[in-house]
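**Q** Sending over a structure as structure tokens; questions will come in a sec.
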Amino acid sequence: MKRVTIDPITRLEGHGKIEIFLNDDGSVEDVYFQIPELRGFEKFVEGRPIEEVPRIVTRICGV
Amino acid sequence: MRKLRLASYWASACGGCDVAILDTNEHILDIAAVADIVFWPVAVDFKYSDVEAYDDRSIDVCLFHGAVRNSENEHLARLLRQKSEVLVAFGSCAVSGGIPALANFKRREDILNRVYRESPSTENPESVLPQPHFTAGDITLDLPDFYRRVYALDDIVPVDYYLPGCPPTPERIWEVFEVIVSGQLPPAGSTVGVADHSLCHECSRVKKEKKVKTFYRPHEIIPDRENCLLEQGLICLGPVTRGGCGARCIAANMACRGCYGPMPGIIDQGAKFISTLGSIIDEDRVEDAGAVIDRIVDPAGTFFRFSMAKSLLKGARQP
Ligand code: SF4
Ligand code: SF4
């Protein structure tokens, strides 16, 4: 099986990777879209005062 | 003159640093006149394989944003160090961990569980977590390894210059570009795009005496726009933070959270603020001073808002 890797995907915010697998006739057999990043805002805002959250989650995406 | 070969990369970042570069507005044309962009994922379509094919040190200047959170970030930090003549830690995340390093207060397992299993908007009936390797038939896929904590760029590779800020202001970025283009580079290891004085020094508010009887949360007080916020009882990291941003949060009547990093000579910005508190709390008895301190809701997450990866403790103790 032939493998085509697009890494990174560009011109958007964030990290992404696409893996395309072609079968013997060259048609697409499988495609995987991967997001190889995690920061974990869902967890680390816990314990922060509510009034600080807007100053933290604005850094989820600055684009 | 040969054009500079310029790279800009985001590791564990939000893209705000990239946008701050674009916010130099028409100066972006001046940058394009003197520099060829050879890698910049937010704006141009170069792949990691292109960078791998570059000669070592063939990138003149690499602006590296973002902290090092996983093995892919580390790989790119090492790759770009190898390919670049000058490596700049650009923005608070690369300089000192920034907001992503607030995760250093949490355990790796708890982060993964919260995000992929417990969060109300996640559907994950088989309760799977991302795996570094995944196999389906003869297909193998890889994901980066999520580290136990967040690192600053210079924990991983040597860094030539530091440009702090979350994000650095476009004015400071342009000044740094002018220095790069002039070729008159400051000594390696310098922090650039900053002032040598504290944020308080460039804050235009009236400062009388830094003595505080109690601290407030924002909903408990309407701060006036004339007087020092700290003297009004709002936690402001101005005294321990380096100037350079133009006191932009203060202008919005919000206290500083320290994104421009510590004053020169301060090793640990948050610890220094703790010692600042010791001198401004206007109580003589230990219990009374303690009662004032108790009014601060989240001291660690506030004093170390942008600097946890570079603090002496690096993170909370993880059992
Ligand atoms: S503590 Fe904050 S508000 Fe007060 S002078 Fe310093 S920067 Fe300005
Ligand atoms: S006031 Fe403080 S938190 Fe706001 S931009 Fe300036 S250094 Fe950063």
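**Q** Only one of (1) within 15 Å of ligand 1 (Cβ to nearest atom); (2) farther than 23 Å from B:S190 by Cβ; (3) among the aliphatic types (A, V, I, L, M) is not met by B:V292, so which one is it?
**A** Failed condition: (1).
**Q** Yes or no: B:R295 more than 24 Å from B:T169 (Cβ to Cβ), among the charged types (D, E, K, R), in contact with a Phe, Trp or Tyr (Cβ under 6 Å, 6 or more places away or on another chain) and modelled with pLDDT of 95 or more?
**A** Working: more than 24 Å from B:T169 (Cβ to Cβ): yes; among the charged types (D, E, K, R): yes; in contact with a Phe, Trp or Tyr (Cβ under 6 Å, 6 or more places away or on another chain): yes; modelled with pLDDT of 95 or more: yes.
In short, yes.
**Q** Quick check: is even one residue across the range B:115-135 more than 25 Å from the chain's Cα centre (by Cα), within 12 Å of another protein chain (Cβ to nearest Cβ) and of a type in the set (D, E, K, R)?
**A** Yes.
**Q** Hey, among B:C249, B:C245, B:C200, which residue is in a loop (DSSP other than H, G, I, E, B), at pLDDT 95 or above and among the hydrophobic types (A, V, I, L, M, F, W, C)? Walk me through how you get there before you give the answer.
**A** On the way: B:C249 fails: in a loop (DSSP other than H, G, I, E, B); B:C200 fails: in a loop (DSSP other than H, G, I, E, B).
Matching residue, one of B:C249, B:C245, B:C200: B:C245.
**Q** Among the numbered conditions (1) near ligand 1 (Cβ under 10 Å from one of its atoms); (2) closer than 23 Å to B:A309 by Cβ, tell me where B:A188 comes up short.
**A** For B:A188, the exception is condition (1).
**Q** Search the range B:150-185 for residues being charged (D, E, K, R) and farther than 24 Å from B:A77 by Cα, and hand back the single one that is farthest from ligand 1 (Cβ to nearest atom).
**A** Initial filter on the range B:150-185 (charged (D, E, K, R)): B:154-155, B:160, B:171-172, B:175, B:178.
Filter again for farther than 24 Å from B:A77 by Cα, leaving B:171, B:175, B:178.
Working: B:E171: 18, B:E175: 21, B:E178: 27 Å.
My answer is B:E178.
**Q** Would you mind telling me which numbered condition in (1) within 16 Å of ligand 1 (Cβ to nearest atom); (2) at pLDDT 95 or above B:G193 fails?
**A** (1)
**Q** Here is a follow-up. Pairs needed: first member in the range A:30-47, over 16 Å from B:L112 (Cα atoms); second member anywhere, among the aromatic types (F, W, Y) and surrounded by 20 or more Cβ atoms within 10 Å (Cβ to Cβ); C-beta distance under 9 Å; at least 6 residues apart or different chains.
**A** Close Cβ pairs satisfying both conditions: A:G47/B:F105.
**Q** Does any residue in the range B:91-109 that is on the phi < 0 side of the Ramachandran plot and outside any loop (DSSP other than H, G, I, E, B) come within less than 6 Å, Cβ to Cβ, of a residue that is polar (S, T, N, Q) and modelled with pLDDT of 95 or more six or more places away or on a different chain, and which pairs are these?
**A** B:S96/B:S307; B:P100/B:S12
**Q** For the range B:179-190, how many residues meet the condition of being surrounded by 15 or more Cβ atoms within 10 Å (Cβ to Cβ) and either at pLDDT 95 or above or of a type in the set (S, T, N, Q) (or both)?
**A** 0
**Q** Given (1) away from ligand 1 (no atom under 11 Å from the Cβ); (2) in contact with an Asp or Glu (Cβ under 9 Å, 6 or more places away or on another chain); (3) more than 14 Å from chain A (Cβ to nearest Cβ), where does B:R305 come up short, assuming only one miss?
**A** All conditions are met except number (3).
**Q** Restricting the search to the range A:41-62, which residues are part of a loop (DSSP other than H, G, I, E, B) and farther than 21 Å from B:P299 by Cβ? Talk me through it step by step, then tell me what you get.
**A** Restricting attention to the range A:41-62, the residues satisfying the condition of being part of a loop (DSSP other than H, G, I, E, B) are A:45-49, A:58-62.
Selection gives A:T58, A:I60, A:C61, A:G62.
**Q** Given the criteria surrounded by fewer than 16 Cβ atoms within 10 Å (Cβ to Cβ), among the basic types (K, R), at positive phi and at the interface with another protein chain (Cβ under 9 Å from one of its Cβ atoms), does A:R3 qualify?
**A** Values: surrounded by fewer than 16 Cβ atoms within 10 Å (Cβ to Cβ): yes; among the basic types (K, R): yes; at positive phi: no; at the interface with another protein chain (Cβ under 9 Å from one of its Cβ atoms): yes.
Taking the combined requirement at face value, the residue does not satisfy it.
**Q** Which numbered condition trips up A:I20, out of (1) surrounded by fewer than 14 Cβ atoms within 10 Å (Cβ to Cβ); (2) more than 8 Å from chain B (Cβ to nearest Cβ)?
**A** Unmet for A:I20, out of (1) surrounded by fewer than 14 Cβ atoms within 10 Å (Cβ to Cβ); (2) more than 8 Å from chain B (Cβ to nearest Cβ): (1).
**Q** Where the second residue is within 15 Å of ligand 2 (Cβ to nearest atom) and in a strand (DSSP E or B) and the first is within 21 Å of A:E51 (Cβ to Cβ) and of a type outside the set (D, E, K, R) and lies in the range B:196-218, which pairs have Cβ atoms under 9 Å and are six or more apart or on separate chains?
**A** B:L199/B:T241; B:L199/B:R242
**Q** Pairs under 9 Å by beta carbon, first residue in contact (Cβ under 8 Å) with a residue 24 or more places away in the chain and outside any loop (DSSP other than H, G, I, E, B) in the range B:220-242, partner of a type in the set (V, I, T) and near ligand 2 (Cβ under 10 Å from one of its atoms), six or more apart or different chains?
**A** Pairs that qualify, where the first residue is in contact (Cβ under 8 Å) with a residue 24 or more places away in the chain and outside any loop (DSSP other than H, G, I, E, B) and the partner is of a type in the set (V, I, T) and near ligand 2 (Cβ under 10 Å from one of its atoms), are B:G238/B:I250; B:R242/B:V194.
**Q** Now a separate question. One residue is enough: does the range B:114-135 have a residue meeting the conditions part of a loop (DSSP other than H, G, I, E, B), closer than 24 Å to B:W10 by Cβ and either among the basic types (K, R) or in the same structural domain as B:Q82 (by TED's automatic domain parsing) (or both)?
**A** Within the range B:114-135 (the criterion being part of a loop (DSSP other than H, G, I, E, B), closer than 24 Å to B:W10 by Cβ and either among the basic types (K, R) or in the same structural domain as B:Q82 (by TED's automatic domain parsing) (or both)), the answer is no, since none of the residues qualifies.
**Q** When the range B:225-257 is examined, which residues are found to be polar (S, T, N, Q) and near ligand 2 (Cβ under 8 Å from one of its atoms)? Before the answer, list the steps.
**A** Here is the first cut: in the range B:225-257, the residues polar (S, T, N, Q) are B:227, B:232, B:241, B:253.
Across the range B:225-257, the qualifying residue is only B:T241.
**Q** How many of the residues in the range B:114-172 are β-branched (V, I, T) and within 16 Å of ligand 2 (Cβ to nearest atom)? Outline the logic, then answer.
**A** Going residue by residue through the range B:114-172, those that are β-branched (V, I, T) are B:115, B:122, B:128, B:135, B:139-140, B:150, B:156-157, B:159, B:169.
Among the residues that remain, those that are also within 16 Å of ligand 2 (Cβ to nearest atom) are: B:169.
Result for the range B:114-172: 1.
To keep it simple, each residue is scored yes or no on (1) within 20 Å of the chain's Cα centre (by Cα); (2) part of a loop (DSSP other than H, G, I, E, B).
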position: B:A255; (1), (2): yes, yes
position: B:P264; (1), (2): yes, yes
position: B:A271; (1), (2): yes, no
position: B:G278; (1), (2): no, no
position: B:E283; (1), (2): no, yes
position: B:G290; (1), (2): no, no
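The values are calculated or read from the model by the stated rules, or taken from the named source; none is laboratory data. Because the structure is predicted, anything quoted here is derived from the model rather than measured. Cβ atoms come from the backbone with ideal geometry, glycine included; neighbour counts cover every protein chain shown.
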